[in-house]
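In what follows, a single structure is set out as structure tokens and then discussed.
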Amino acid sequence: MEFRVIIFAVIFASAIVFLITSLKRLYAFLQLAKPEVRWDHPAARLKHTFTVAFAQTKILRDKTAGPIHIAIFWGFLVLLFTAAESVVQGFVPSFSLSFLGPLYTIITFSTDLFCIVILLAIVGSFFRRFILRIKRLQMDGSEKYDAMVVLIAIFIIVTSLFLMNASHHYLYPFEKWSAKPFSNAASGMFNWQTATIVYETCWWVHILLIFAFMNYLPYSKHLHVYTSILNVFFSPINIPNKLEKIDFEAEGVEKFGISDIEDFGWKTLFDGYTCTHCGRCDSVCPANITGKVLSPRSIIIETRDRLFDKAPIMIKQQTFPESRITEAEQAILDKKFIGDYNSIEALWQCTTCGACMQECPVTIEHVPAIIGMRRSLVMMESNFPPLLQSTFSNLENNATPWAFSASERADWAEGLNIATAANKQDFDVLFWVGCAGSFDDRAKKVSVAFAKLLQIAGVDFAILGTEEQCTGDTARRAGNEYLADMLVKANVETLNGYNVKKIVTFCPHCFNTLKNEYPDFGGNYEVVHHTQFLKDLIAQGKLKMKPIADDWNDVVYHDSCYLGRYNQEYDAPRNIIESIPGMKLKEVPRSHDKGLCCGAGGSQMFLEETEGKRVNIERTEELLATDPNTIAVNCPFCMTMITDGVKDKDKVDEVAVLDIAEILLAKVITE
């Protein structure tokens, strides 16, 4: 018996030392990144962690895979008690947790139950991955074998535990407080000799495989077993709706954006550790599902690959500055992260819709990483799609992405008796029109409709007119932070000069930027989307509906990403539609926080899709499938993309694409 304990002690110590060494290596890699503070608001973070990591709420968004994964996750949490018991038994074979009394009854029953549940879940996972071959689960090369190894390892770990419990019951049928109905029932297959052999064999198999498994994980795509809970804790409570500000006036800053792993914050590298390779991000990415090369999953995996290739060399250089760099190491250092690891083409296909982050079960932040790399391409290499050159030039010269003169910005309001802030410095609300609402012929109709609604409701408002400039959203999402910085600061100076307190806008991109990003530049305002503002006006009785139903009654609503997913506003537009007599609101399968992007965000409005199916066609087809006579939108970009989709489908005479404000104006009593 002493020899058995000695052998176990050596194996245990070796496993722990090896694991600590592996984890220290991973921690050292993170030290190469930029520092970040990710532990503020600990109470809110803990609540978020319990909701997402332990309750598995994001996993359960997939009604098939969710229950399978939660069975394995919760099963392993329960089995930790038995694993701990088995480890102690390696030193003290007679040890048992039965001293816990009734709690031991709960532990043993739960362990026995979850052994069966986990085994069924593993079978389900095998079936989905290797028989049904679910698209998002298909990976090449080592990924495929890694998944197989992990599933087989879990299956053997749990099976050995079940047989160990069954044989133990045969040998010790009256163990106090034990409740193992399933393994007890299976104990009938043994006699004394086989039970003794099976128990000892399964104990060793169980414990050795646990040690091997826990040391395999740091080198596997299943590293998330260690990091996922922490990653959720360090993530934003909601998906990040603002970009990091760059201080261009800081001394010694000569590099902007992300060109390699050391330019990331440590959390992004930790995201690489945590990626489960599940492909949920790819399955909802509008670019990926329409046949383009962008894969949010690959972006994160490639970040981890680059880290694992380059970090050991960087640490070697720091630790032993005089050591010689080999040719192989130099070849790795000479590689470009953007281009050799990540596809430049893929980076410019992202619509920044945030669906990848919404769906990720471990709250990885894909979009900020992509924008960071765009910043490097634009500001450090001047490497961006040629079509963006005119956009940047227009923004710089005219403060709008289109080739219109800034002097024409308020022409849409001619004859409407709308005051400008310069002429009416005392007003309650500033109507931020935005570039589309000022220059795009279709969006100008929405500006007019919304302004008329404000006048009908008696709202005291003004516009900036020719003093308004682009909020900087297009430049920021396209990676031109320097240009955005100038636009933002100019707008903040204007807004603060008029002592603006409350802003309302019908562009979700303007809304998100003004609300969430301007405070970093000294612009602190109450910012409201026009659907939120109109909903309140209706509730206050300032906008009253006609008691009869007119046209456009079968309405399907399209969720815009920057109002819905980024700012959690799904109800206001729907409440307005449902408040109108005769209106019938229809929904598509991909709605609310599962909504599909129109394809215009992230500067895509000013680029061309040259690969795969057009995103706006994919979305329009889904909307038209509900057989509406009206498609309701709340965003000028969505308006353009969905209108083009309806034209492509030859449905212009049958289906109207209207902003919520336009629908409401047609139903409001104007006298």
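Can you order the peptides 246-255, 388-397 by their average number of other Cβ atoms within 10 Å per residue, highest first?
Working: 246-255: 8.8, 388-397: 16.9.
The packing order, highest mean first, is 388-397, 246-255.
How big is the range 140-193 on each of its three principal axes, counting only the C-alpha atoms and giving the largest first in Å?
Principal axes ranked by extent give 50, 25, 13 Å for the Cα atoms.
Using alpha-carbon positions, what is the distance between the centroids of the range 1-30 and the range 181-223, in Å?
So the two Cα centres are separated by 19 Å.
For the range 554-667, please report how many Lys pairs fall under 22 Å Cα to Cα, leaving out neighbours fewer than 8 apart on the same chain.
Final tally of qualifying lysine pairs is 12.
In a solvent-free Debye calculation with one equal scatterer on each Cα, what is log10 I(q)/I(0) for the range 279-379 at q = 0.12, 0.13, 0.14, 0.24 Å⁻¹, listed in the order of the q values?
The calculated log intensity ratios at q = 0.12, 0.13, 0.14, 0.24 Å⁻¹ are -0.47, -0.54, -0.60, -1.22.
What ranking of Asp644, Asp260, Asp653 emerges when the number of other C-beta atoms within 10 Å of each C-beta is taken as an exposure proxy, fewest first? Could the numbers behind the result be given before it?
Values: Asp644 18, Asp260 21, Asp653 7.
Sorted ascending by nearby Cβ count, the order is Asp653, Asp644, Asp260.
If you average the alpha carbon positions of the range 308-338 and of the range 434-462, how far apart do those two centres end up, in angstrom?
For the range 308-338 versus the range 434-462, the Cα centre distance is 57 Å.
Quick one: work out Rg over Rh on the C-alpha atoms of the range 94-213, Rh as Kirkwood radius. Numbers along the way, then the final one.
Details: Rg = 16.8 Å, Rh = 15.8 Å.
Answer for the range 94-213: 1.06.
Can you list the residues, at least 5 places off or on another chain, whose amide H is less than 5 Å from the amide H of Thr630, using H built in the peptide plane?
Asp554, Val556, Ala656
Dipole magnitude of the range 1-94 about its Cα centre, charges +1 at Lys/Arg Cβ and -1 at Asp/Glu Cβ only, in debye to the nearest 20? Don't jump to the answer; show the numbers that get you there.
On the way: 10 positive and 5 negative charges, 87 e Å.
That gives the range 1-94 a dipole magnitude of about 420 debye.
Mind checking Rg over Rh on the range 494-572, alpha carbons, Kirkwood formula for Rh?
Numbers: Rg = 15.4 Å, Rh = 14.5 Å.
With Rg and the Kirkwood Rh in hand, the quotient comes to 1.06.
Calculate the spin-label point distance for Lys63 paired with Phe521, positioning each point 7 Å from the Cα along the beta-carbon direction, and give it in nanometres.
Output for this residue pair reads 4.4 nm.
Using only Cα atoms, figure out Rg for the range 554-667 and give it as a multiple of 2.2 N^0.38 Å. Intermediate results must be reported in sequence, preceding the final value.
Details: Rg = 13.4 Å, N = 114, 2.2 N^0.38 = 13.3 Å.
Output field value: 1.00.
Test of the criteria: in the range 35-70, which trypsin sites (Lys or Arg not before Pro) are in a DSSP loop and have at most 13 other Cβ atoms within 10 angstrom of their Cβ? Write out the running numbers ahead of the final one.
On the way: sites: Arg38, Arg45, Lys47, Lys58, Arg61, Lys63; in loops: Arg38, Lys58, Lys63.
Counting only loop positions with at most 13 other Cβ atoms within 10 Å, the trypsin sites (Lys or Arg not before Pro) in the range 35-70 are Lys63.
Can you give me the relative contact order of the chain as a percent, contacts being Cα pairs under 8 Å and 6 or more apart? Please list the in-between numbers first.
Numbers: 980 pairs, mean separation 80.0, N = 671.
About 12 percent, as a whole number.
Given charges of +1 on the Cβ of Lys and Arg and -1 on the Cβ of Asp and Glu, with all other atoms neutral, how large is the dipole of the range 279-379 about its Cα centre, in debye to the nearest 20?
On the way: 12 positive and 12 negative charges, 36 e Å.
The calculated dipole for the range 279-379 is roughly 180 debye.
Using mean Cβ contacts within 10 Å as the protection proxy, how do 72-81, 161-170, 16-25 order, highest first? Before the final figure, lay out the partial values.
Numbers: 72-81: 17.7, 161-170: 23.5, 16-25: 13.2.
Per-residue Cβ counts within 10 Å, averaged per peptide and sorted highest first, yield 161-170, 72-81, 16-25.
If you keep only loop residues by DSSP, which trypsin sites (Lys or Arg not before Pro) in the range 80-138 have at most 10 other Cβ atoms within 10 Å of their Cβ? Please list the in-between numbers first.
Values: sites: Arg128, Arg129, Arg133, Lys135, Arg136; in loops: Arg133.
Here the sparse-neighbourhood loop sites are Arg133.
Have a look at His224, His206, Trp266 and report the one farthest towards the positive end of the charge dipole of the range 171-320, computed about the Cα centre with Cβ charges (Lys/Arg +1, Asp/Glu -1).
Checked the options; the winner is His206.
Tell me which residues come under 5 Å, amide H to amide H, from Gly265 once H is placed; ignore anything under 5 positions away on its chain.
So Gly265 has HN proximity to Lys34.
If amide hydrogens are placed 1.01 Å from N in the peptide plane, which non-local residues have theirs closer than 5 Å to the one on Asp659?
Here Val633 satisfy the definition.
Want the number for Lys255 to Glu611: 0.36 nm per residue separation, take away the alpha-carbon distance, what's left? Write down the numbers at each step before the final one.
Numbers: separation 356, 0.36 × 356 = 128.16 nm, distance 3.20 nm.
Here the answer is 125.0 nm.
If the viscosity is 0.692 mPa s and the temperature 37 °C, what Stokes-Einstein diffusion coefficient in µm²/s follows for the chain when Rh is the Kirkwood radius over Cα pairs? Could the numbers behind the result be given before it?
Working: Rh = 28.2 Å.
Calculated translational D: 116 µm²/s.
Along each principal axis of its Cα atoms, how long is the range 153-273 end to end? Whole angstroms, biggest number first, please.
79, 27, 19
Hey, which lysines would be in cross-link range of Lys316, C-alpha to C-alpha under 25 Å, not counting anything within fewer than 8 residues on its own chain?
Lys24, Lys34, Lys221, Lys255, Lys267, Lys335, Lys336
What whole-number volume per residue, in cubic angstrom, does the convex hull of the C-alpha atoms of the range 467-539 give?
On the way: hull volume 6.1 nm³, N = 73.
Convex hull volume per residue, Cα atoms: 83 Å³.
Between Ala625 and Glu493, with labels modelled 7 Å along Cα→Cβ, what's the label distance in nm to one decimal, could you check?
5.1 nm
Which order do the peptides 510-520, 99-109 take when ranked by the mean count of other beta-carbon atoms within 10 Å per residue, highest first?
On the way: 510-520: 22.5, 99-109: 15.6.
By packing density, highest mean first, the sequence is 510-520, 99-109.
Quick check: net charge around Ile246, other residues with Cβ under 11 Å of its Cβ, Lys/Arg +1 and Asp/Glu -1?
Values: positive: Lys245, Lys255, Arg375, Arg476; negative: Glu244, Asp247, Glu249, Glu481, Asp485, Asp520.
Once all neighbours under 11 Å are counted, the net charge is -2.
Between Gln425 and Phe12, what is the label-to-label distance in nm when each label sits 7 Å out along the Cα-to-Cβ direction?
Result for the modelled spin labels: 7.9 nm.
Return Lys34, Lys242 ranked ascending by Cβ neighbour count within 10 Å, so the fewest neighbours appear first. Spell out each step's value before the answer.
Numbers: Lys34 14, Lys242 17.
Final ranking by Cβ density, sparse to dense: Lys34, Lys242.
How big is the C-alpha Rg of the range 387-539 next to the rule-of-thumb value 2.2 N^0.38 Å, as a ratio?
Ratio of Cα Rg to 2.2 N^0.38 Å: 0.98.
Hey, what angle do you get for helix 296-319 against the long axis of the chain, alpha-carbon based, 0 to 90 degrees rounded to 10?
70 degrees
Values in this text are rule-based calculations from the coordinates and carry no lab data. Everything quoted here is computed from the prediction, not taken from an experiment. Because the Cβ atoms are built from the backbone with ideal geometry, glycine has one as well, and the counts that use them run over all protein chains shown.
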